[in-house]
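Asker: Dumping the structure here so I can ask a few things about it.
The values are calculated or read from the model by the stated rules, or taken from the named source; none is laboratory data. Remember, predicted model here, so these are calculated numbers, not experimental data. Don't worry about glycine lacking a Cβ; one is built from the backbone with ideal geometry, like all the others, and counts go over all protein chains shown. Areas reflect the complete protein model, heavy atoms only, side chains present, ligands, DNA and RNA absent. Shrake-Rupley method; radii C 1.70, N 1.55, O 1.52, S 1.80 Å.
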Amino acid sequence: MSDIDRQVSTWLKAALRGETAFGLDQIAALVLPVSALRDLCRKHDRVPKGYRIEKAPARRLAVTLCEPRHPEVLESLVRAVVERLANRDETDADKLEAASETERLNRLLGLRDQELSGLRTELERSREQEAEHRRRAESLQNERRFDHSQIASLRAELDAMRSRLDSFPKRVKPADRSEVELRVRELESELDTMSRSEEGLRRLVAIRQARIRDLEDRVAELLEQTRSPKKGQKPKPQDRPEAPLLSETFRVPQFTQSFYKSLDGKPRQSVEKAFQAALLFCIEGPSYPGLEVKQIGGQDLWSLRASRKLRVYFLPVGSQEVEFLSLVDREDQPTALRRFKDR
């Protein structure tokens, strides 16, 4: 027997014994809606005294149904009251649980919105920094081109002065010859100064370009986090170049068959970047900005960066030679490292 059946039996026995002090009519009038009471009256053909069923108030309908001489009517009323009370308790509990869950979800959504807002702000800041570095790099490139033109002009003038100096006859006065020699030395000094300036600008442009690549990587990471952010995820630390593995002099490159084989199927732009990075390493050394030269842990293997998704693996041979082994995409790097380690 269920709880509802037991409660119905208890109230029904009390009503049959004439124990109506508990106010079943009052409970029914308060708990049951008027429409339910009218349906019970119609079902059992009970009409309240002095009223029509459609016009009678809830209290009169409940009194009419609380008649001990008709147990089946009383049982229907008691069952309706108990079921109503039981359903009301369950409904209230469900509402409270739903409200609590809704509040928790709203807090989580608020935290998610704050996290996305912070990521968007950082993304915009990184984009602004990237644009500023690009403008600065373009300005340095223009200055470098201007210096190139100035150097070319000075060299032409220097060659002209040297030709003029060599073509002077012996009878030229020493004063005139010394004046030309002085002008030649001035031009040579100015040319050296311009060359040093051009070298400094070239290195500054390389630093700016490396910074731009780092910002592009950061923008890509922020875009990925903005699309599907994961709580607790930390950005991977960028690889830093180790100490220089060779002396700061020119290195002779040796491209192995495995290196040429790794170029098969790669775009022409990727191949050009690989050779450019390899030659920059041989000329400028491991400290050149943007190459990110590092040693693979536990091995004699080294790697340098050709682009955001490409790395070139190599081995130092002696003190002045470098053996380039392979050009590997980012997705294939774990496989390539295992292959190198098994050799």
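Asker: Please verify whether region 35-53 includes one or more residues that are under 60 Å from the mean Cα position of the chain (by Cα) and either among the acidic types (Asp, Glu) or open to solvent by 100 Å² or more (accessible area, probe 1.4 Å) (or both).
Answerer: Residues of region 35-53 that are under 60 Å from the mean Cα position of the chain (by Cα), as a first pass: 35-36.
So of that shortlist, the ones also either among the acidic types (Asp, Glu) or open to solvent by 100 Å² or more (accessible area, probe 1.4 Å) (or both) come out as none.
No: zero hits.
Asker: So, of the residues in region 327-343 that are over 18 Å from Gln269 (Cβ atoms) and aliphatic (A, V, I, L, M), which turns out to be surrounded by the fewest Cβ atoms within 10 Å (Cβ to Cβ)?
Answerer: Filtering region 327-343 for residues that are over 18 Å from Gln269 (Cβ atoms) and aliphatic (A, V, I, L, M), the one surrounded by the fewest Cβ atoms within 10 Å (Cβ to Cβ) comes out as Leu337.
Asker: Also, I was wondering about something else. Restricting attention to region 64-82, report how many residues are within 18 Å of Ile53 (Cα to Cα) and open to solvent by less than 10 Å² (accessible area, probe 1.4 Å).
Answerer: Qualifying residue count for the region: 4.
Asker: Taking region 276-311, which residues are touching a residue at least 12 places away in the same chain (Cβ under 8 Å), of a type in the set (Asp, Glu) and open to solvent by less than 50 Å² (accessible area, probe 1.4 Å)?
Answerer: Across region 276-311, the qualifying residue is only Glu292.
Asker: In the list Ala99, Ala86, Ala93, Ala137, which residue meets the criterion of being surrounded by 12 or more Cβ atoms within 10 Å (Cβ to Cβ), modelled with pLDDT under 85 and on the phi < 0 side of the Ramachandran plot? Don't jump to the end; show me each part of the working.
Answerer: Details: Ala99 fails: surrounded by 12 or more Cβ atoms within 10 Å (Cβ to Cβ); Ala93 fails: surrounded by 12 or more Cβ atoms within 10 Å (Cβ to Cβ); Ala137 fails: modelled with pLDDT under 85.
Only one candidate passes the filter, namely Ala86.
Asker: Lys173 versus (1) at pLDDT below 80; (2) out of contact with any strand residue (DSSP E or B) (no Cβ under 9 Å at 6 or more places or on another chain); (3) surrounded by 11 or more Cβ atoms within 10 Å (Cβ to Cβ): which is the lone unmet condition?
Answerer: The one condition Lys173 does not meet is (3).
Asker: Still on this model: Give Arg107, Arg60 a once-over and let me know the one that is open to solvent by 60 Å² or more (accessible area, probe 1.4 Å) and in contact (Cβ under 8 Å) with a residue 12 or more places away in the chain. Walk me through it before giving the result.
Answerer: Numbers: Arg107 fails: in contact (Cβ under 8 Å) with a residue 12 or more places away in the chain.
Of Arg107, Arg60, the one residue that is open to solvent by 60 Å² or more (accessible area, probe 1.4 Å) and in contact (Cβ under 8 Å) with a residue 12 or more places away in the chain is Arg60.
Residue-wise test of (1) open to solvent by 40 Å² or more (accessible area, probe 1.4 Å); (2) among the charged types (D, E, K, R); (3) at pLDDT 85 or above.
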{"position": "Asp217", "(1), (2), (3)": "no, yes, no"}
{"position": "Phe250", "(1), (2), (3)": "yes, no, no"}
{"position": "Phe259", "(1), (2), (3)": "no, no, yes"}
{"position": "Tyr313", "(1), (2), (3)": "no, no, yes"}
